[in-house]
Structure formats: C-alpha cells, structure tokens
1. Go through A:843, A:892 for me and flag whichever is outside any loop (DSSP other than H, G, I, E, B), in contact with a strand residue (DSSP E or B) (Cβ under 9 Å, 6 or more places away or on another chain), at pLDDT 85 or above and farther than 30 Å from residue A:266 by Cβ.
2. Quick one: in the range A:385-413, which of the residues that are within 23 Å of the chain's Cα centre (by Cα) and more than 16 Å from residue A:348 (Cα to Cα) is surrounded by the fewest Cβ atoms within 10 Å (Cβ to Cβ)?
3. Among the residues of the range B:424-436, which ones are more than 14 Å from every other protein chain (Cβ to nearest Cβ), assigned to a loop (DSSP other than H, G, I, E, B) and surrounded by 12 or more Cβ atoms within 10 Å (Cβ to Cβ)?
4. Residues of the range A:747-763 being in a loop (DSSP other than H, G, I, E, B), under 18 Å from residue A:820 (Cα atoms) and at pLDDT 90 or above, which ones?
5. Name every residue in the range A:669-696 that is within 10 Å of another protein chain (Cβ to nearest Cβ), crowded, with 21+ Cβ neighbours inside 10 Å and either part of a loop (DSSP other than H, G, I, E, B) or touching a strand residue (DSSP E or B) at 6+ places or on another chain (Cβ under 8 Å) (or both), in order of residue number.
6. Residue B:86 - would you say it is facing chain A (nearest Cβ under 9 Å) and buried (at least 24 other Cβ atoms within 10 Å of the Cβ)?
7. What are the residue pairs meeting all of these: first residue in the range A:794-810, first residue on the phi > 0 side of the Ramachandran plot, second residue loosely packed, with under 15 Cβ neighbours inside 10 Å, Cβ atoms under 6 Å, and 6 or more apart or on different chains?
C-alpha cells in the first residue's frame, strides 16, 4: 500500500512539473554607464516570486512560459520585460529619477527636503549597514554631524550625554525625545529615580533600542524644527524608521560577529591599574534577518543575540532582540504598517565612580596601605607581593559582588494610512513602548569583609537592594495632509492632533541584616520600601502650511497648541508658532550657466518655538511624607505653583546648502540663535522660607553658534569611491538671567561642581582658585569663582568612506571637541592619599582641598577615532550562487585617543545626573572606565 | 422615519462615546500628599509632630558636623565634610552656612504651621502637643541665636540679631512651660536660653527647677538608620571606616566615638538636653559669684552624675587612628601607653584607647576629671578652666563647643542673593580674634614604643578663661 502511495506521489509530481514548463532566465542589470547594479528587485509580474541582483548586477530566476519580469530599483524608472523565448535578459536601467529626499520628522507628514527651511540630519540604512555597533547612541555618535554623543562610561548599557546646540534647559537631560515609527519611546538616559547604588553605572533606555532593524534615522534639533512636537521637544527629536522590507522573493541573512575587548588604559596614571584590572573580554553577536513580500504585503524580520563577558571580571551583558515590521496594502487606498519589537538585556555591574567600594579605581587613587597590608600605596613602587594582594582583592571583589540588572522591553506601532485621492492622505498612528527594568544589589557580609569595610566575622551587615521600574508610554496621532497645485503654486497643508502619556512607576526595596546566602528580601530582619510614581499626558493639535512657487520659493507657517497635565492649574493651552522660508536659487533659469560649478544652492531661514514641560506634579503644594522611626513624618515641602508653564526654546536660524561640481562637494552652513525663556530652574528659595527648591519659570538661557557640515567626494571612478565628511560646530552658551534667584548646583560636588548663575555658561565649574607665591605657599584664595565652562567652544565629527571595486570598503569615523573644561577628580582623590602630582606645591599641601579646586580643572579637548573598519564582499561565484553575498569585515572600535587632560577621559563622567532625567553637563573625569577598545571580526551571509 | 434614524444615530454615537471614560488619557493622579489633605483632619498634629522630630534630626546633622569641626574637638583629616570650618574660615558663601540656615528655618516654619494651622484644626489635639510645638519653635530660635550672628525671623525680611532670637526662644519655652508645667525639658531649655543671654539669675533658677523636676533628665534627637536620615556625625566619626573620618583631639580620644552603629538598623541618638547642663550652669554661676566652695561641690556632683551614665563597649577597629604612612600629618596616638599634654603643661596618661581591642565609651556623658582634680583647683580661673573642660568633655559630639567658643555664622549667600533686606554686616561671620585657627594642631612622637608622646599646641579652655571678659564667651563673666 505504502509503495502505491509513493508511486502516485512521484507520478503527480512529474505531471505537475511537466505542465508548468519552467525554465531558468538569467542576465545582468546595469546602469547607463554599463556598471552592474546590485540589489535590483526582479519580480515575476502577478506573483510573489522574484529575486534581487547580486553585487555584479547579475540575477537568475526560474520562470514559467509567457512570464513578464518587473525590474525596479530606487532612483530608476521600473521596467517590465516579457521573457518570451529568451533565456538571457540583460537590462539597462535608464531614466534615473532625481530623487528628492523626503523628511517626515517635525513636518507632520512626509515633505521634500527642498521645501524644508530647517536643518535635518539623516542617517540612512546604508550608513548603518556596515557599522558593527550595538546601541543607538554609539551608532549616531559620528553620524550626526552637529551633535555630540559622549559615552559617560565604558560599562555596557550605561548612560550617555547626547546634545546639540548647547544646553537649552537646566531642568532636563539634553537627550532628545525619541520616536520609533511615530511612537514616542522611553529616552531615559540617566539613572532612574529609584535605583541601586553602583556609584555611577547608570543604565540607559537607549541601550535597548535595537539597531539591526533601523532603515533610517532623522534628527531635528530643538526649537525651530520641532514646533509640531510642542511642549515636549525643546531638546530636539530623533525619529527612527524601521525596515519594512521590499517586494520580492524572501531574502535571508545571517551574520556572526566575534571580537575581543580590551579596556582602555590611556587615561590611567599607573600601568599597574590596567594590568591588574583589565582582561581580554570576548564579544559575540549573531544576527538573522528575513525580508521580502509582494506588491501588497512586505515584511522585514530581524533577530539578534549579543554577548559580552566584559573587559573586566564582573561586567557582563547579554542582549536578545527581535523586530518584525509588516506593511500591507489593505486596498488601493488603505495601507497598514505594523511594527513590533522585543528586547531583553541582562547586565552585571561593579561598583564604580562615586563609591569607596570601587577598588579598581582605588588603585589609581591610592589604596590604604594599613587596611590592605601593602608596603606602599604607590602602584608604580609595588612589589610582587603587593601586586598579588591587589590582584587577589580585585578578584575577590569580582567574585563576591552581586549587582545585576535585567531589562525587558516591548515596542509596537500601528499606522493606518488612507489615501482617498492622490492629493489627500490621512494617517493614524497608535503604539506603545513598555520597558521594565529590575536592578538588584546583593551585598553579603563576605563582600563587605573582602572590601575591608567590616571586620572578619561580621554577620549582621548583609543587605539587598532592589529597584524596579515599569515604564509605559502610549502615543496616538492623526495627521491629514492635502497637496494642491495651482499654476506655479504648490500647497501642502497638514493638520493633526497627537497625544502621548507616560506612566512611570518605580519601587525600591531595601532589606538589611540579610541572612548570608539569601537572594530574597524575605530573609532579612528589616525591610523597607518606597515608590515613585510619575504620570504625564501631553496632548495638542497642530497645523502647517507649506507653499511653493515655481519649485524654488517656499514658505511655511506652522503652529501647535499643547495641553499638559504637568502645567500649572491656571495655565491653559500653550501656543507654539513657527515660520520659515527657503529659496532654491539653483532652480532659477539664470543659474543654468553656473550649474557646472555650483550644482545646487538653497538659502533658508526659519523661526520657531518648542518647549519642555515641567516635572509632573511640581505644580502642587506637595508635603513631604516620610516614614520615620515607625511613624509617618509629614513636613512642608513646596508651595503650589498654579502658573507653572513649559519653558520655551525660541530659535532663529539661517543657512545655506551648496553643492559644487556635480554634487561632489557639498557644504551646509547654518547660524542658529536660540533662547530658552521661562526656563525651568530648580533654584533655591531664600533659606529663611524653609522651603525646598522646586521648578520655577525663572531663567533665560541663550545658545548661539555656527554649524558647518561638509562632504567631499574626493575620488570617483570605476574602481575607487572616496568620500570624506567633516563638520565644525560652535556653541556659545549663556545664562542670561536667573530671574533673581541665587545660583544653584546641578551636579558634581558643592565645593567644585557645575552651577547655574547669571552671566556665565550653564554648568560652569564653580570652585576656589588658589594663588601660590614663588615658594609655593597659598597667598590668596578666590572662593566660588568661575573655573571654566563644561561646554566646548567647538566640536565636530569626521567620516572617511573608501570603496574599491565595490568589494573593498574602508570606513573611519571620529569626533573632537575643544574649548571646554573638566575636573580631574581622580587627581583630587590622589591628593588625599599623597599620590598627587606637583600641581599643588609642597608648601600648600596643608591647605584644605576645598580651597584648591581650581588646580584640578583641566582642558577637556579631545580627538577620538571611534571606528576603523575594513570590509570585503566576496564574489558570489565563489559560492556557486548558493549564497548571494558574503561580507567579511574587521573593525577596531575606539582605537585612538588624543586628549589634553593629564590623566582623565574628558568624555566619561562619574558624577551622573542628580535625579531622573536631570541635566548632566559632564566634566567629571571620575572613577569610571572609558569605552573599551574592541577588535571585531564579522562575517555576513545573504541568501 | 428620518427622525427615528437620526435618534438612532445619536443614541449609537452616545453609546460609543460612553467608552471614552475608559480611555481618558488626561486622567493623572498626584500620588503625593498636599496641604489640603492634612489641615483640619483629626490626629494631624501627631503626624506633624513626627515631621518635626525628623526635621530636628536633619537640623542636627548640619549642626553637629560643622559645629564639631569649627572647634578643637575634631579635625577633618581628608573628608568631603567641611574643611574651611576646621580652620575657622567661615564665609557667607559656604554651602553649609546656607544648609544650616535652611534647616533651622524649616524647623521654625514647620512648628509655626503646626501652631497656627495644624493644631487649631485638629479636634484630637492636646495641650501637651501644643507645648511641644512651642518647644520646637523655641528650639529653632535658640539654635538661630546660639549659632548665627543675625538671621531673618520673618521669611524674606531683614535679619535680626542673635539676642532677639534668644528672646523669642524664651517666649516659646515659657509658652510650653505654661502648657506643661512639670516637664523638665522646658525648664532646662529656659536655663540654657537665659545662660546664653547672660541672665545668670534666671538661668540658675531654671536650672535648679529642672533638676527638681527630673534629676536624671535626658532628651534626644533620634535617627532612623533604615528610613533616613541616619546620623551624619556618626558617619563622620565611625561609619566611614577605611575611607577617612573625623579625628578627635587626642586628649578627648577616650570619648570618641560617642555615636556608633548600635546595629545595622539603629544609629546612636544625640542628647540635646542633659541634666548635667543644669549643674554646669549652677557651677558657673557659683564661680562667677566667687563661691568656689559651692562650685567645688557642684562639680563633684557632676562627676558623680556622669559616673551614673551609660557606656557602650563595641568594636571600633575599622575606624582606627593612624592613616597612611604617606600622610604622616594625620598620624595620631592609638596606643594606651601614649601620653597627652598641652604645650608647656604636664602630660596626662590614660586618655588614649587601643582600638584594636573593643573600646568602652561613655555614650551620654564622660569626663577625665576626678574629685581630686577638683580639690586641686585654687583660683577662680582654675575652676573656670576645669569647668569648661568639663563642658567640652560632657558635650563632645553634641554641637555645643562652638557655642562656648563664641563663634557666630553669617547670613548665607543664597539668602543675600534672594533677599534685598540683607546688609553687608549680616554676611560676615563673628569669630573671636583670640581663637587660634589651628586649634586642632598636635605633634605626635611614636618613636619610643611604650613612651609615645603627643603634644597639643593650644589649650583652648585656658585661652577662653584668659579672655573671659570678652562678650562673645563665658556669658556670666
């Protein structure tokens, strides 16, 4: 019976194949210069079957008799070709369409970049393709030419400083708000309000935005360009668009990346520190991808697993991520896009920076000889016995420390677009971002004894600290876009509304006198808990009119009216206007003769306002309620603030975009003048009021500067393509007014830290400046004086991209800053331990360090090469077409650092932000490790 | 038919809209407690009193650390606690000056709100609670007068002199006493306020009444080691362990650390009122009156009283005394064989403890003086110097020494920048010119094991007595 069934199957199979009369068609797709075009979609008409061309532009496809192939590629007109009897079809893609880049963020809906009067930085999927980076802020570090991304610590998943155009707010982190496919997501880039005390290793929500699925990133700077985001976007907006897939046969990719991590010892004073503390860590990344679809449905899926066992024992990270985006035409007029992402991050951490338990930096700062039984605290003089003791200490700490953090995150976005006519488009978007993090610090008695903090035999000092954060953000928006052309005029009208709601709920549990070995807070003699709840809803409506005349004169007007639950009770809707104009001079007839030299020239100018809403519930007359000695302590805290309003960032910018020699050189120049009015300052009341400080609309902050972005196509021929991008940005920041309030501290120490005061840059370093006489004695001390600003005078980035024969590519990125200052806090601590250098003369060594602050302030200039990457794409004939493309690359991350400071990394900052989402101006080189050197090798297969 | 259809549509629309209640995104609930939720509610005074106790703990954290540093009691070897105060360099822009003024104002305004709003609206409130509210406001005034040269009373208004704050304190303590006449605390508080205002007769009288009311009286400020605030001075004296800490004058080594970690969940309290103070005031009155025999009896009674006070034995080995070899400046005596002398005076033994073994420390009051020392006193100045040594030893780590030294803080920079009524005179400190700025200076010679010697450069009590006529110190002289 079984044999009969098998025969039947073979028979029917043979019959089916003979009936279809299939055969193979192959060919090559080229552009009009004869160059092979890789990645061209070749689809069999009226089917979901198809392929894409390989690196040489070649394709091969099995088709039925009478089939028609559709060849499509971005930037070219599609072609339909009947196969007929041919088995070889070579196609030349002609009719290159001059693509105009479309900008979405800040515009309400997609709009041609030419019509936009503000600067928008765009990172394309192709830019991201070959970067072996795993977190968003690293990805954009050198890709955004007018922004700075400073990695505050080299520990995985920790906070960074992201800023552009100076510091517009003393109340908020400079990190822009982040949208993924139209949905606002958690952008917390500081420690959460409740967290375990690791002394500065503060986890960031940017660490779990997966980078694999990014198709494109748009960044609009705060102020003029972000008016349509209203009271939420004074610091700018980053919008991420995920890959939606392209029609054609399913395409698969698999990538493996293996690498070694080596801690950067560049900033250490003693060689022993790096030798003892660092080890060679191992990283591994595995990525899979699938994309494809047909005319009606496209899809893209990515998944990755990442592991990093740390350049120091005790620092580890594993990450798992998945994202799927599906785009479906429900009808001719209705389109649905759905995107869903999941990320899980596991971290283990060590105490660092602001804790005396950081024994690794303790080496640099002089371990107490008596405590640890060392012959000296000078690492360069250590004997073999001393080194053994310290190695054992570091190893014991790593063995007994138990600080972990787990992050789980889901994001989704649903968009429904309805296009009733060619001119009218209605788009509704709804989505959520849910992020759960749990940090746990189990301090055992053994750990405390190892740390020499408790005497041997101690059994009652064990503790467990658990901090959980649940964050849910919900976003909904509705945009209506109408386009009309009348004679030489073109109109784009956009109206819409948007809301988002953030629910942030945190709990912290502290258990003391925990039974040794327990990992549960239940096994403790005393357990306390606290929570933190912050809810805010922002909602408003907006409109924008963009008018073009003869495709070269454009003006736009926009506004947003915002309501927010954090506004004072007497504060109603807030109106944010914008106005802009641009002029594409090169589209003028009189310019025709010049286009050989100047291929494009656009002048633009704009004015716009955006805001930052106050801290939720700051408007209420809150009492402080605390548990105290078994009772409930109620105390006056802050008075009500019925007029608490958003701070307003008002920006005027002018600029020009010029491209020369057939676009081989491009220059963008922008001058911006930004003023934050009603700036939210948490300045103290006069102490005689006995009231705690809270946000008040007190200040005026100004930021001015130039942004110059250049791009040079140095060589372009059949073999070589060499591109160099350079940027130069200036920033002049000033607190114009504190509204009569006294100056206040926003980080660091009170004896030496960043302050806000009238007439000086925001976050200037305030401390004492001593004057020494010839003998080195301190003859004068000027206390609380200006020791330098933390913001640089100028900064920028550079990118070199070299391609040879479309197979080899070299990619180098770097960035720099100059003119700012930072505190060499490590050296302050060395002073305490008698390991200081000669900056404090012998005759002044007895002077209080409070009066010596100025000696530890140093220039924070640097030039860092972040990435050198060499890649090779292997010819597919090596693999007999089984594998479409194999790409091998070798990358060195953070290979070269030049810096002005004596021995601290001007980029790292151990101090962190004072409270959740508070401003962090950096400038505290302090007890935390810099981003490690990484040497990565990766191999990627496309099937 | 059309009407029915319209009605149906309206009905359906209303039905659909009903669901909006479930999806209203603007509904946010402030999880915090606001003033409206407490004023006028039963038992609100009890909650408010706990708040005042907590504020007392916060205030004492500020008073104690900078207060002890601004004296010869403690030296700040290398900590982030204030270092300028250690050298008597007290400026209006010092953050601690502002923090202390803030805490005192917070205490006073909290008590004010309690007296004027909370207590009247609380149907369950008692007279004893009202007395305590007055005590706390009076204590805020007392600290303002004892510590600051001038300070605003009304928020944002002009700064008023210390004497007016002390007078306000006396009014509040009297109001408390009127409400709860048997309470020794209010009598002792009045004695202290009168003492600092130089009113010897009233001070001595109230001191006597306090002893009669409770001959062993103690009042504490408690810390909450679990929920915070925990004790900052304890942190500075003991807990910081191997990082760094405040070190006592070697002659006071046997009294340190008065505050220690009782357990992982319990910090030591601060004794803000002790009946010893009443005896000390009486003795000083007797010396001022030339009644040395009376003073002799009183001071021996104090020694006897101190002898009844509790001690604690605990492991203080982590704190240690000797710092790194590279920072020999901070090397200090840490063996029982070490002797301590003021420069030019006889060396004394038995003042230094061995911290490698468990130490026994008087946690309420301690003194190195014995009856024979009192009997050996001859002149009025001898008695005064011994009495001020007693005050120093008994009140160590309780924030009292700087008051005895006559140090007065200025109005803070933040107040000056935000309050137009502050004058140039308000923002300068008052530090008696006769006080040496290196009060903590010592030399320690440990070269001969078993015969280690420590010499303290200044005998500050002798300096005080030599300047007893100065208005800033020794109020009965």
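The values are calculated or read from the model by the stated rules, or taken from the named source; none is laboratory data. Only a predicted model underlies this, so the values are computations on that prediction, with no experimental measurement involved. Ideal geometry is used to build each Cβ from the backbone, glycine not excepted, and the neighbour counts take in all protein chains shown.
1. Working: A:892 fails: farther than 30 Å from residue A:266 by Cβ.
Only one candidate passes the filter, namely A:843.
2. Within the range A:385-413, the match that is surrounded by the fewest Cβ atoms within 10 Å (Cβ to Cβ) is A:410.
3. Once the filter is applied, which keeps residues that are more than 14 Å from every other protein chain (Cβ to nearest Cβ), assigned to a loop (DSSP other than H, G, I, E, B) and surrounded by 12 or more Cβ atoms within 10 Å (Cβ to Cβ), the range B:424-436 yields B:431, B:432, B:434, B:435, B:436.
4. Answer for the range A:747-763, where residues must be in a loop (DSSP other than H, G, I, E, B), under 18 Å from residue A:820 (Cα atoms) and at pLDDT 90 or above: A:757, A:759, A:760, A:761, A:762, A:763.
5. Answer for the range A:669-696, where residues must be within 10 Å of another protein chain (Cβ to nearest Cβ), crowded, with 21+ Cβ neighbours inside 10 Å and either part of a loop (DSSP other than H, G, I, E, B) or touching a strand residue (DSSP E or B) at 6+ places or on another chain (Cβ under 8 Å) (or both): A:683, A:684, A:685, A:686, A:688, A:690.
6. Numbers: facing chain A (nearest Cβ under 9 Å): yes; buried (at least 24 other Cβ atoms within 10 Å of the Cβ): yes.
Yes: the conditions hold for residue B:86.
7. The qualifying pairs are A:805/A:719.
Per-residue answers, yes or no, for (1) away from chain A (no Cβ under 14 Å); (2) at pLDDT below 95; (3) surrounded by fewer than 19 Cβ atoms within 10 Å (Cβ to Cβ):
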{"position": "B:301", "(1), (2), (3)": "yes, no, yes"}
{"position": "B:319", "(1), (2), (3)": "no, yes, no"}
{"position": "B:331", "(1), (2), (3)": "no, yes, yes"}
{"position": "B:362", "(1), (2), (3)": "yes, no, no"}
{"position": "B:365", "(1), (2), (3)": "yes, no, no"}
{"position": "B:374", "(1), (2), (3)": "yes, no, no"}
{"position": "B:401", "(1), (2), (3)": "yes, no, no"}
